[in-house]
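Below is one structure, written out as structure tokens; comments come after it.
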2 protein chains.
Amino acid sequence: MGLTKSEIFTEEQNEIAAIAKVLGHPARIAILDFIIKLKSCVCGDLVKDIGLAQPTISQHLKELKKVGIIKGTIEGTSVCYCIDDNKFKEIKNKLNKFLSKNATENCC
Amino acid sequence: MGLTKSEIFTEEQNEIAAIAKVLGHPARIAILDFIIKLKSCVCGDLVKDIGLAQPTISQHLKELKKVGIIKGTIEGTSVCYCIDDNKFKEIKNKLNKFLSKNATENCC
DNA sequence: TTTATTTATTGCAATATTACGATTAATATT
DNA sequence: AATATTAATCGTAATATTGCAATAAATAAA
């Protein structure tokens, strides 16, 4: 079917999964790496740097924007894509919180 | 095309993405939640608890095993699935390291 | 206003993922 | 040995994702 049954999971489970899913593509990791390295950027630079077609980069940027980890400000003909520091921290904390659940030792 | 161009990304970018991708489905988050809560479990319990068909759970377990975050030990007719504590920590550290790159404030 | 420049959107082909019924494999129990 | 129990695998349908060419939209520059 290819259709995730979101309704049988908790909101937290769906949220963690949604965040992880967006991070689950090397192009999007590369985009974040690049933006973090530069502290600011425009889409054109990403196309040159990463080596995927412009529509593909645009699509990945859209998904990153969807979870709020980056934000874009229009500057003339180009768009300045930046990390949303607050949202980034929030996402980091949420993932960390989930990964910290496994505090005590396990059986085997 | 549906085919990720892994060869144009760094090994680290591919690795982070692969880890995140596995965490990018609520069923797998729910499975981890359940195993962590119980400290040990068998597949049958998961099927009852989560509400997906047995082959579906089995498939998700396989993907979690693929990145090493869980391990399964055969016990008679059933399999005891547990968190691989070392691998879990490793994964946590890798994600954290990536998410800690964004240390300084950004432009906008 | 025309022409560039830059990013978004549309449409589509190829591949991947999700989910499950049916079946298989492997061990326990009777 | 026959039967139950449990999990893996196979096959398949439905949907999602990835990537790109073509095009549109929006602003800047001439």
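Can you find even one residue in the range B:76-84 that is closer than 30 Å to A:A30 by Cβ, facing chain A (nearest Cβ under 7 Å) and away from DNA strand C (no atom under 15 Å from the Cβ)?
Among the residues of the range B:76-84, at least one is closer than 30 Å to A:A30 by Cβ, facing chain A (nearest Cβ under 7 Å) and away from DNA strand C (no atom under 15 Å from the Cβ), which makes the answer yes.
Does the range B:63-74 contain at least one residue that is farther than 25 Å from B:K101 by Cβ, within 10 Å of DNA strand C (Cβ to nearest atom), surrounded by fewer than 22 Cβ atoms within 10 Å (Cβ to Cβ) and at pLDDT 95 or above? If you could, list the steps in order and put the result at the bottom.
At the first step, the residues of the range B:63-74 found to be farther than 25 Å from B:K101 by Cβ are B:63-66, B:70-74.
Next, from what is left, pick out any that are within 10 Å of DNA strand C (Cβ to nearest atom): B:63, B:74.
Right, trim to surrounded by fewer than 22 Cβ atoms within 10 Å (Cβ to Cβ) and you get B:63, B:74.
Filter once more, so that each one left must be at pLDDT 95 or above: B:63.
Within the range B:63-74 (the criterion being farther than 25 Å from B:K101 by Cβ, within 10 Å of DNA strand C (Cβ to nearest atom), surrounded by fewer than 22 Cβ atoms within 10 Å (Cβ to Cβ) and at pLDDT 95 or above), the answer is yes, since at least one residue qualifies.
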What pairs come up if the first residue lies in the range B:7-24 and is free of Cβ contacts under 8 Å to residues at least 12 places away in the same chain, the second is near DNA strand C (Cβ under 10 Å from one of its atoms) and β-branched (V, I, T), and their beta carbons are under 9 Å apart, counting only those six or more places apart or on different chains? B:N14/B:T4; B:A17/B:T4
Quick one: how many residues across the range A:45-58 are surrounded by fewer than 18 Cβ atoms within 10 Å (Cβ to Cβ) and either more than 8 Å from chain B (Cβ to nearest Cβ) or within 15 Å of the chain's Cα centre (by Cα) (or both)? 9
For residues in the range B:18-58 being in contact with a Gly (Cβ under 6 Å, 6 or more places away or on another chain) and near DNA strand C (Cβ under 9 Å from one of its atoms), which is farthest from B:E90 (Cα to Cα)? B:G24
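The rows are residues; the columns are (1) touching a strand residue (DSSP E or B) at 6+ places or on another chain (Cβ under 7 Å); (2) at the interface with another protein chain (Cβ under 7 Å from one of its Cβ atoms).
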position: A:T10; (1), (2): no, no
position: A:N14; (1), (2): no, yes
position: A:I19; (1), (2): no, no
position: A:V22; (1), (2): no, no
position: A:H25; (1), (2): no, yes
position: A:I29; (1), (2): no, yes
position: A:L32; (1), (2): no, no
position: A:I36; (1), (2): yes, yes
position: A:C43; (1), (2): yes, no
From (1) near DNA strand C (Cβ under 9 Å from one of its atoms); (2) more than 15 Å from B:G24 (Cβ to Cβ), pick out the condition that doesn't hold for A:S6. (2)
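Evaluate the following for A:N96: is it modelled with pLDDT under 95 and either over 12 Å from the mean Cα position of the chain (by Cα) or acidic (D, E) (or both)?
Against the criterion (modelled with pLDDT under 95 and either over 12 Å from the mean Cα position of the chain (by Cα) or acidic (D, E) (or both)), A:N96 does not qualify.
The values are calculated or read from the model by the stated rules, or taken from the named source; none is laboratory data. This one's a predicted model, so the numbers in the text were calculated from it and none came from an experiment. Using ideal geometry, Cβ is built from the backbone for each residue, glycine included, and neighbour counts are taken over all protein chains shown.
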